[in-house]
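A short write-up of the structure that comes next.
The values are calculated or read from the model by the stated rules, or taken from the named source; none is laboratory data. This one's a predicted model, so the numbers in the text were calculated from it and none came from an experiment. All Cβ positions, glycine included, derive from the backbone under ideal geometry; neighbour counts span all protein chains shown. Note: accessible area is taken over every heavy atom of the protein model, side chains too, but ligands, DNA and RNA are not part of it. Shrake-Rupley method; radii C 1.70, N 1.55, O 1.52, S 1.80 Å.
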Amino acid sequence: MKTALFIRFAALALLIALPSAVDAARLGRVCGGIAGLQCSSRGQFCQFKPGSCGRADQSGSCAFRPTICNKIFKPVCGCDGKTYGNDCERRAAGASKAQDGKCPS
């Protein structure tokens with residue numbers, strides 16, 4: 001009896017914690033481009049190749065925004081012109097990577 005209850009509880013916890021099938025299906029899908037394809041609004045963003053920033057209707061791929069990042073300082077410049085403490089913080093903000101290091105002033 002206790003084992004069955006534990007299994008049901010564990011299954012419910014997994015269903016809540018995992019992204020929905022629709023969101024998971026969009027992960028890694030093409031976004032941006034001339035058609036302006038969007039990612040799921042639930043914790044995803046369109047990540048372009050480093051340095052391209054989606055210019056000239058380039059396409060990217062849908063990526064998840066992390067919710068927890070470490071505090072290791074290794075600055076990166078986002079395509080939004082902001083310098084982030086590390087790459088995880090940049091992805092959490094939903095910005096593509098312009099370059100490693102601080103953004104030019």
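Give me a count of the residues in segment 34-50 that are in a loop (DSSP other than H, G, I, E, B) and at pLDDT 85 or above.
Filtering segment 34-50 down to residues in a loop (DSSP other than H, G, I, E, B) leaves 34-36, 38-43, 48-50.
So of that shortlist, the ones also at pLDDT 85 or above come out as 38-39, 43, 48-50.
Residues that pass the stated criteria total 6.
Could you please let me know if Cys31 is more than 25 Å from Gly101 (Cβ to Cβ), out of contact with any Phe, Trp or Tyr (no Cβ under 8 Å at 6 or more places or on another chain), modelled with pLDDT of 65 or more and open to solvent by less than 40 Å² (accessible area, probe 1.4 Å)? Even if it seems obvious, please write down each step before you answer.
Numbers: more than 25 Å from Gly101 (Cβ to Cβ): yes; out of contact with any Phe, Trp or Tyr (no Cβ under 8 Å at 6 or more places or on another chain): yes; modelled with pLDDT of 65 or more: yes; open to solvent by less than 40 Å² (accessible area, probe 1.4 Å): yes.
Spelling it out, Cys31 is indeed more than 25 Å from Gly101 (Cβ to Cβ), out of contact with any Phe, Trp or Tyr (no Cβ under 8 Å at 6 or more places or on another chain), modelled with pLDDT of 65 or more and open to solvent by less than 40 Å² (accessible area, probe 1.4 Å).
Rundown of residues vs (1) touching a helix residue (DSSP H, G or I) at 6+ places or on another chain (Cβ under 6 Å); (2) of a type outside the set (Phe, Trp, Tyr); (3) farther than 19 Å from Arg29 by Cβ; (4) open to solvent by 30 Å² or more (accessible area, probe 1.4 Å), yes/no style:
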{"residue": "Cys62", "(1), (2), (3), (4)": "yes, yes, no, no"}
{"residue": "Ile72", "(1), (2), (3), (4)": "no, yes, yes, yes"}
{"residue": "Cys77", "(1), (2), (3), (4)": "no, yes, yes, no"}
{"residue": "Asp80", "(1), (2), (3), (4)": "no, yes, yes, yes"}
{"residue": "Asp87", "(1), (2), (3), (4)": "no, yes, yes, yes"}
{"residue": "Arg90", "(1), (2), (3), (4)": "no, yes, yes, no"}
{"residue": "Ser96", "(1), (2), (3), (4)": "no, yes, no, no"}
{"residue": "Asp100", "(1), (2), (3), (4)": "no, yes, yes, yes"}
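Among the listed residues Cys77, Cys88, Cys103, identify the single one that is in contact with a Lys or Arg (Cβ under 7 Å, 6 or more places away or on another chain), farther than 21 Å from Ile34 by Cβ, modelled with pLDDT of 95 or more and not in a loop (DSSP other than H, G, I, E, B).
None of the others qualify; the one that does is Cys77.
Among Cys53, Cys62, which is the only one that is at pLDDT 85 or above, among the hydrophobic types (A, V, I, L, M, F, W, C) and either in a loop (DSSP other than H, G, I, E, B) or farther than 25 Å from Asp80 by Cβ (or both)?
Only one candidate qualifies: Cys53.
Considering only residues that are free of Cβ contacts under 8 Å to residues at least 40 places away in the same chain and either open to solvent by 30 Å² or more (accessible area, probe 1.4 Å) or touching a Ser or Thr at 6+ places or on another chain (Cβ under 6 Å) (or both), which ones fall in segment 50-60?
Arg55, Ala56, Asp57, Gln58, Ser59 - these are the residues of segment 50-60 that are free of Cβ contacts under 8 Å to residues at least 40 places away in the same chain and either open to solvent by 30 Å² or more (accessible area, probe 1.4 Å) or touching a Ser or Thr at 6+ places or on another chain (Cβ under 6 Å) (or both).
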